Amino acid sequence: MTPTDLGLVFGLLLKHREIHGNPPDRPPRENELEVARILSDCSQSELRDLDEFLAAQGFTLYIRDGLEFGIPPKAGRNNRIYVVTRLRGETLAPYLDNDWTLDQIRDGRRRNASKAERVVWLARMWLTLQWFFYERIDRLPAEISRYREALVSEKLFVDSLSKGIEQLGNMGRPEGMEGTAWDLLWGNKNSLHAYASRFLKVMEEAGMIQDAGNPGEYRQTLVAAVDMAVIAEHELSYLMPSDSSVTLERRSVELITGQSQTESEDADPAAH
Amino acid sequence: MVTISADNLPHDIRLIAAVSRLIDIHQSRREAGGTYVPDVPERAGFNLHLALSAIECLHEIEMDRGIGFCPINELVARIRKRAPQVTDADIEYCVSNLGQAREIHYGMPGQDGEITYARTWDTTPLIDVEEGFSQIHLTENARLLLRVSSLRESWLYSDLDADRLIKAIERGQFQDVPVFCRAMTLDLAAKSKQLSGVLERPSLAELRSLLIAEGSSIAASLSTAAVTISHAIELVFNEHIQASFSVWAGRTEAKFYLGNLQADLELVLQNVESLSRRFLRFIEMAQRVRNEGNAAIHFLHIADSLVEQGSEDAIRRTEALLHELMPWGLSTTIFHPSMMVGATDLREQIAQEPERVHGFTVDPTIAGGSARLMDFLMRNRDLVIQRLQRGPASFSEMMSLTGLVLGEGETPLDFFGVYAAPGMLTSENQKIVVGLTDLTTQFVHADREVTGSDPVMFLEETP
């Protein structure tokens, strides 16, 4: 792989996070076929070098054969899929902006919306989106291969968000300081449509969802499915409500190791 | 209306006709007396044709892109291409009927000879419309129907899937080969996806065990298929077949060449081999997969709990986590072409290119680059040696040296070249060594931000 090839590969990965020589649901992007060919010609050691180069910037490369996802190959096309995802335990390169999504979902008519408000709305919308992609179709985050079955429509998304917020409103405000998030959701429920449509646009721009062929309908991308499989293994447990039976000690160990412990591991630490 | 002899009936109609009396007797009521023959409505032919067209169109889309949902609009467009007179209402009627389940009752003889009765429901719909979406796909039932229907070749070729390729080539029925190849490739892709599904989902443990148990026979049939396809490839290169292809192509005005067939067959062979390799890996991994863990995640429950325990601290924690979960944006001001793939017009960048602030170039037409470096070093050699005699110094420290003698257009940045060629400052008893560090340096120079690694330079003197 020459430095020019590396530049082409990295540029495309940085911009779209995915390279596929035979994409089933979209036309190939500019240079994508050429870059897919470059990658298919790479030896194992060149791919290791590329992964090392990416690791220095907080990324890792995920490579799968399209055949595994039921994508039939075509003659003369590289059917492998290359996806760049975060390397756990490494910080992202400083030229990348962690706050990007939070900034982008800002409602243009309410530029003064506080960051806390956007955090609460973003978390709720993101979890609702994942509900569509996983719980609704009885799919586990580890089931990457079913990414093409994961659909969401703007209308159903708004309905689901709206129903959830209505339910929270009827439950009443949690007491004291615990009610801050409730205030931010319930107090700004009129912005629901604006937030929802902004969020879906941002997710599309970030390559997490793609047009499913009908207006207002989207499907999950492979990039998002790979991301979610990794997130479910690592970070998602920290968002989950803390279980009273889980000891403080166990939660602390989980936070340090970045992995959730099973009951048996918790009961018998000497087993390791 | 025309009548066609049984030998010339389309194969799928022949199949439907063959099972029709079984469905009729299933629906019959003896109390009505006589034999039961349902009335056939006027539009029966139209309806059946439309239904088969819809299934074929969805199958074509799957062969092209693999298994997954497709927008109903796309199906409508494909059907219209085949039959322009079909209306939206016709298609809607057809789709809702094919997607509707119906009961089939059946009896099974028990061990004591007594018949027990059962019913099935799920195995009847042929297409699945995703609730709330305008997306559609074929069900496994429809795929089964298509597989059975495609076995028409077995009425002609009567053998295994891969064998039919050889039969088609030998009999000079070349038009069938690309279709068989595509169907086999889709079948291989579907099998491969099934392996992924079994590995990814613990609840498919039963299927996984079955695949493990049948491992040796599956592996054997895959390797037999590979041998058969290799034989088919050899056959296509055979002179006799090449001659027969030329005759056939002349007769039928074929739209492809023999080379296309060879490429198609090779692609199938590659994929059979790839699936064989994958299957062996699967067997190895499947035996290690744990059934526990991977529990379903209740996303909306998590969303509610974030509001129920929504203090300011909790929101701050959520924000920190969102930083890890959300897609990132690019926020760089440093230009690099690799960041701009397909998105920038570099001509404008070149027109606005700032004046060079350093003295190096890779353009061989500009003379004096290395001489300029050498001149710079010779002029400042003593100052550098003096500094290094006091101890090692990093690049950033050297940049801040005062007293450098600069020529026209030179800046302290010219000093950078010495790190690539420290030998230029070496004398008989003095040697400069450059050591790389993991430090970085950042400073503003001539109104521009400069960033780079910060190597350390030290002096080795021999008496």
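The values are calculated or read from the model by the stated rules, or taken from the named source; none is laboratory data. This is a predicted model, so every value here is computed, not measured. So basically every Cβ, Gly included, is an ideal-geometry build from the backbone, and we count neighbours across all protein chains shown.
Residue-by-condition table, conditions (1) over 29 Å from A:Lys74 (Cα atoms); (2) among the charged types (D, E, K, R):
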residue	(1), (2)
B:Ala32	yes, no
B:Arg43	yes, yes
B:Leu50	yes, no
B:Ser53	no, no
B:Cys57	no, no
B:Glu60	no, yes
B:Met63	no, no
B:Pro71	no, no
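Here B:Leu269 qualifies as more than 7 Å from chain A (Cβ to nearest Cβ), modelled with pLDDT of 85 or more and surrounded by 17 or more Cβ atoms within 10 Å (Cβ to Cβ). Checking each residue in segment B:31-76 for being in contact (Cβ under 8 Å) with a residue 40 or more places away in the chain and among the charged types (D, E, K, R) picks out only B:Glu62. If you check B:Leu22, B:Leu52, B:Leu75 for being farther than 23 Å from B:Lys193 by Cβ and surrounded by 11 or more Cβ atoms within 10 Å (Cβ to Cβ), only one passes: B:Leu52. Considering A:Ile71, A:Ile63, A:Ile81, the condition of being among the aliphatic types (A, V, I, L, M), within 10 Å of chain B (Cβ to nearest Cβ), touching a residue at least 12 places away in the same chain (Cβ under 8 Å) and closer than 23 Å to A:His20 by Cα is satisfied by A:Ile71 alone.
Kindly establish whether A:Leu102 is of a type in the set (A, V, I, L, M, F, W, C) and farther than 30 Å from A:Ala196 by Cβ. Here the answer is no, as A:Leu102 does not meet what is asked.
Among the residues of segment B:1-34, those identified as of a type in the set (Lys, Arg) and modelled with pLDDT under 85 are B:Arg14, B:Arg30. The residue of segment A:98-137 that is farthest from the other protein chains (Cβ to nearest Cβ), among those that are over 15 Å from B:Leu325 (Cβ atoms) and among the aliphatic types (A, V, I, L, M), is A:Ala113.
The helices (runs of 4 or more DSSP H) located wholly in segment A:177-242 that include 1 or more residues which are surrounded by fewer than 16 Cβ atoms within 10 Å (Cβ to Cβ) occupy A:192-205. Taking the criterion of being more than 7 Å from chain A (Cβ to nearest Cβ) and either at pLDDT 75 or above or over 29 Å from A:Glu233 (Cα atoms) (or both), the only residue of segment B:284-301 that qualifies is B:His301. For the condition hydrophobic (A, V, I, L, M, F, W, C) and surrounded by fewer than 17 Cβ atoms within 10 Å (Cβ to Cβ), A:Met125 does not qualify. Per this entry, B:Arg143 is not counted among residues that are modelled with pLDDT under 80 and either touching a helix residue (DSSP H, G or I) at 6+ places or on another chain (Cβ under 9 Å) or farther than 30 Å from B:Trp248 by Cβ (or both).
Apart from one condition, A:Pro141 fits all of (1) farther than 20 Å from B:Asp128 by Cβ; (2) in a helix (DSSP H, G or I); the exception is (2). Here's a check for you: in segment B:155-201, which residue that is surrounded by 17 or more Cβ atoms within 10 Å (Cβ to Cβ), more than 23 Å from the chain's Cα centre (by Cα) and at pLDDT below 80 is farthest from A:Leu67 (Cα to Cα)? Top of the filtered list is B:Tyr157.
Out of curiosity, is A:Val158 at pLDDT 90 or above, more than 8 Å from every other protein chain (Cβ to nearest Cβ), crowded, with 16+ Cβ neighbours inside 10 Å and outside any helix (DSSP H, G or I)? Considered against the rule, which asks whether it is at pLDDT 90 or above, more than 8 Å from every other protein chain (Cβ to nearest Cβ), crowded, with 16+ Cβ neighbours inside 10 Å and outside any helix (DSSP H, G or I), A:Val158 comes out as no.
Has segment A:86-97 got any residue that is over 13 Å from A:Thr221 (Cα atoms), within 7 Å of another protein chain (Cβ to nearest Cβ) and in a loop (DSSP other than H, G, I, E, B)? Scanning segment A:86-97 turns up at least one residue that is over 13 Å from A:Thr221 (Cα atoms), within 7 Å of another protein chain (Cβ to nearest Cβ) and in a loop (DSSP other than H, G, I, E, B). Consider segment B:302-337 and keep the residues that are polar (S, T, N, Q) and modelled with pLDDT of 85 or more. The one that is surrounded by the most Cβ atoms within 10 Å (Cβ to Cβ) is B:Thr318.
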